[in-house]
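Novice: Okay, handing you the structure first.
The values are calculated or read from the model by the stated rules, or taken from the named source; none is laboratory data. Since this is a predicted model, take the numbers as computed values, not measurements. Cβ placement follows ideal geometry from the backbone for every residue including glycine, while neighbour counts extend to all protein chains displayed. The area values use the complete protein model at the heavy-atom level, side chains included, leaving out ligands, DNA and RNA. Shrake-Rupley method; radii C 1.70, N 1.55, O 1.52, S 1.80 Å.
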Amino acid sequence: MTRSTLVMLALAAGMFALAPWMINAAPNEATMGLVYKIYFFHMPSAWMFMVAAIASGIASARFLFLKRPSADGWALAAGELAVLFGAFTLVTGPLWARKAWGVWWVWDARLTSSLMLFMIFVAYLLLRKYGGPGSDKLGAGMALFGMANVPFIYVSVNYWRTFHPLTSVVPTLPVEMGIPLWYCVTAFTLLFIVLLRMRARLEHQRARVEALYLLEDES
Amino acid sequence: MMRAFFRVAWIVVKKDLTIEVRSLEILSTTIFFAVTVVLMFSFGLVVDGRPLNDVAAAILWVAIAFSGTLALGRTFERERHNDTLRALLLAPADRPALYVGKLAGILLLLALVELVLVPLVGLLFAAPIFVHGFHLVALLAGGTIGFTAVGTLFAAMLVRARSRDVLLPIMLYPMTVPVMIAGVRGTAALFQPTPDLAVAQFWIGLLGFFDVVFVTLALWTFDPVMTD
């Protein structure tokens with residue numbers, strides 16, 4: 001682990017340890033009371049889910065078209081994080097929905113498209129794990145298609161149904177709610193970068209060991 | 001340049017058609033499979049002898065997706081058998097032209113399947129398939145091209161992969177969700193007692209856009225992903 005990763009990890013850990021106090025200090029919302037506070041973890045993880053998906057798509061494009069071997073490690077790391085943060089988003093969302101809407105799941109545009117994007121990245125990981133030799137390129141093609149598909153999924157599902165609170169809620173939040181929210185976004189971003197760097201580094205080292213083994217076999 | 005491209009594509013189509021015409025293996029099995037899918041879903045979705053709302057459109061598109069997956073898998077299994085895909089890739093031809101040839105062959109196959117499937121659904125569910133025939137054909141064409149464009153690329157990529165049979169639908173279905181939604185909603189709008197043409201046209205437009213983006217992307221990625 002590099003020193004900068006270690007510093008970021010310590011910082012992220014410290015921020016997450018303090019997060020409950022920050023969230024507790026935020027005022028209760030008028031209609032939903034305490035329940036809305038899951039939003040402080042839900043929204044940052046949803047954002048990281050999107051960032052991870054886009055990062056994986058871009059890294060895959062670099063791997064495929066520019067033939068950068070190291071980009072594959074980044075794509076895989078980002079793909080795994082997309083599944084991780086996606087799972088987190090899809091667990092915290094229904095927990096809130098149960099209290100706010102009275103049901104665990106609604107076929108709302110944002111929920112459904114998040115679920116579909118999550119499915120695409122689960123399929124990506126399954127392909128990487130069980131595809132056998134050459135699955136790095138197949139995975140790259142899939143992640144690239146997945147990224148290109150996001151607007152289509154969103155538009156089609158949006159036209160099909162809509163319930164979710166609008167995104168425009170964020171800039172209108174009162175300051176006492178806004179501070180813990182941005183605090184949590186920062187903590188999640190740090191966590192995302194730390195995990196991405198560690199996982200990509202691991203993958204690069206694995207690729208190097210594999211290359212060394214191949215060299216050893218040849219000699 | 002352009003002529004050579006389409007000539008290669010046409011040769012691939014002709015090759016696939018010649019093989020298929022001799023045995024009719026993929027066509028006959030896929031059509032029969034599509035018919036069984038329609039029946040299986042009918043038993044689940046017809047209550048007291050009456051189909052649920054919009055069920056005809058849903059069953060039609062699920063059957064297209066399932067039989068499309070089967071046709072894609074079988075077509076490339078054939079190429080895998082004697083490692084003929086490698087021979088195709090070794091040929092001094094544009095890689096994207098090979099993709100277009102494969103895509104056209106599978107599209108033709110699925111068009112024939114739909115020629116049986118659509119009248120069957122119309123018959124079993126009293127769906128007005130001829131009232132706005134042009135819109136229905138546009139939806140079917142747009143949806144099938146979108147589904148097959150992604151599917152042909154994925155099936156080709158998976159030829160050398162392990163567990164390809166299960167990986168193809170796993171990768172293909174989440175990716176073609178927009179096609180399914182557009183196809184089902186558009187067709188359902190046409191099958192209503194008073195057809196909603198504006199809705200159908202919106203979905204036809206979305207499908208057209210999807211097709212353009214994904215055919216372009218597939219042409220673009222086919223070469224790098226198929227290179228060893």
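Novice: Would you mind counting up the charge near B:L110? Only other residues with Cβ under 15 Å from its Cβ, with Lys and Arg at +1 and Asp and Glu at -1.
Specialist: -2
Novice: Between A and B, buried accessible area summed over both sides at probe 1.4 Å, in Å² to the nearest 100? Numbers along the way, then the final one.
Specialist: Numbers: alone 12740 and 11950 Å², together 21940 Å².
Buried surface at the A/B interface: approximately 2700 Å².
Novice: Over chain B, one equal point on each Cα, no solvent: what is log10 I(q)/I(0) by the Debye formula at q = 0.12, 0.15, 0.18 Å⁻¹?
Specialist: Scattering profile of chain B, log10 relative to I(0): -0.66, -0.99, -1.33.
Novice: Hey, another quick one. Counting only complete DSSP H runs, which helices of chain B cover 20 Å or more along their long axis at the Cα atoms and score a mean Kyte-Doolittle of 1.0 or above? Walk me through the numbers before you get to the answer.
Specialist: Working: long enough: B:2-23 (32 Å, 0.45); B:25-45 (30 Å, 1.92); B:55-81 (39 Å, 0.65); B:95-125 (43 Å, 1.99); B:133-158 (36 Å, 1.69); B:177-191 (21 Å, 1.56); B:197-226 (41 Å, 1.66).
Flagged H segments are B:25-45, B:95-125, B:133-158, B:177-191, B:197-226.
Novice: Please average, across the residues of A:114-120, the number of beta carbons from any other chain that are within 10 Å of each residue's own beta carbon, and give a whole number. Let's see the in-between values first.
Specialist: Details: counts 0, 2, 6, 2, 1, 6, 6.
Mean number of neighbouring Cβ atoms from other chains: 3.
Novice: For labels at A:F65 and B:A198 in the simple 7 Å Cα→Cβ model, what's the distance in nm?
Specialist: Spacing of the two 7 Å Cα→Cβ label points: 3.8 nm.
Novice: Sticking with this structure for a sec: Counting pairwise Cα distances across chain A, what percent come out greater than 23 angstrom?
Specialist: Details: 12766 of 23871 pairs.
Counting pairs separated by more than 23 Å, the tail of P(r) holds 53 percent.
Novice: Under 8 Å for C-alpha pairs, at least 6 residues apart: give me the relative contact order for region B:8-226, rounded to a whole percent. Mind dumping the intermediate values first?
Specialist: Values: 229 pairs, mean separation 58.3, N = 219.
Relative contact order, region B:8-226: 27 percent.
Novice: Okay, moving on. In the protein assembly as shown, what percent of the accessible surface is made up of carbon and sulfur (1.4 Å probe, ligands and nucleic acids excluded)? Before the final figure, lay out each step's value.
Specialist: Working: 15450 of 21940 Å².
Heavy-atom surface of the protein assembly as shown belonging to carbon and sulfur, 1.4 Å probe: 70 percent.
Novice: Here is a follow-up. Indicate the residues belonging to region A:133-149 that lose 50 Å² or more of solvent-accessible heavy-atom surface (probe 1.4 Å) upon moving from the chain alone to the assembly of all protein chains, ignoring ligands and nucleic acids.
Specialist: Listed by number, the residues meeting the 50 Å² cut-off are A:K137, A:L138, A:M142, A:F145, A:N149.
Novice: Here's another thing I want to ask about it. Just to verify a number: FRET efficiency for B:N53 and B:F32, C-beta to C-beta distance, R0 = 41 Å, to 0.05?
Specialist: Values: r = 28 Å, r/R0 = 0.69.
So the FRET efficiency works out to roughly 0.90.
Novice: Would you mind getting the accessible area per residue of the protein assembly as shown, heavy atoms of the protein chains only, 1.4 Å probe, in Å²? Let's see the in-between values first.
Specialist: Values: 21940 Å² over 447 residues.
Here the residues of the protein assembly as shown average 49 Å² of exposed surface.
Novice: Okay, moving on. Under a crude label model (7 Å from the Cα following the beta-carbon direction), how far is B:L124 from A:A25 in nanometres?
Specialist: Label-label distance for B:L124 and A:A25, simple model: 6.3 nm.
Novice: Describe numerically, in nm with one decimal, the distance between label points set 7 Å from Cα along Cα→Cβ at A:T2 and at B:V212.
Specialist: With each label point 7 Å from Cα toward Cβ, the separation is 4.2 nm.
Novice: Where does the Debye-calculated log10 I(q)/I(0) of the protein assembly as shown sit at q = 0.11 Å⁻¹, using only Cα point scatterers of equal weight, no solvent?
Specialist: For the protein assembly as shown, the Cα-only Debye profile gives -0.96.
Novice: While we're looking at this one, here's another question. Show that you can apply the helix-only estimate: for the protein assembly as shown, add -39,500 (n - 2.57) for every DSSP H stretch of four or more residues, divide by all residues, and state [θ] at 222 nm to the nearest 500. Spell out each step's value before the answer.
Specialist: Working: 15 runs with 365 residues, N = 447.
Estimated from H runs of four or more residues: -29000 deg cm²/dmol.
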